[in-house]
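Bear in mind that the values in this text are calculations on the coordinates, not laboratory data. Because the structure is predicted, anything quoted here is derived from the model rather than measured. Glycine gets a Cβ as well: all are built from the backbone with ideal geometry, and neighbour counts include every protein chain shown.
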Amino acid sequence: MNVHSRRRDRSPEAIEKRRKATEQARAANIRQGYVHDPVLEAANARFIAGDITTEEFREEMLTRFKRA
């Protein structure tokens, strides 16, 4: 993967790596009382597929909970 490229690596290996990282994060959250959140899970799916970057994912989650 080119670290300077905004386009995510969509190779099977890269997708598996992102899936695994997401599963590990979800497991840690479940241990802390996570309740299923469809918006978060949809963002996770887009991140795993390579449709959004880590930065875009983070911004979506922060924007969602910002106070007006």
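Of note:
- Only residues that are of a type in the set (V, I, T) and loosely packed, with under 13 Cβ neighbours inside 10 Å were counted across the stretch 34-68, and they come to 4.
- Filter result (without any contact (Cβ under 8 Å) to a residue 24 or more places away in the chain and either of a type in the set (A, V, I, L, M) or part of a loop (DSSP other than H, G, I, E, B) (or both)) within the stretch 35-51: V35, H36, D37, L40, A42, A43, A45
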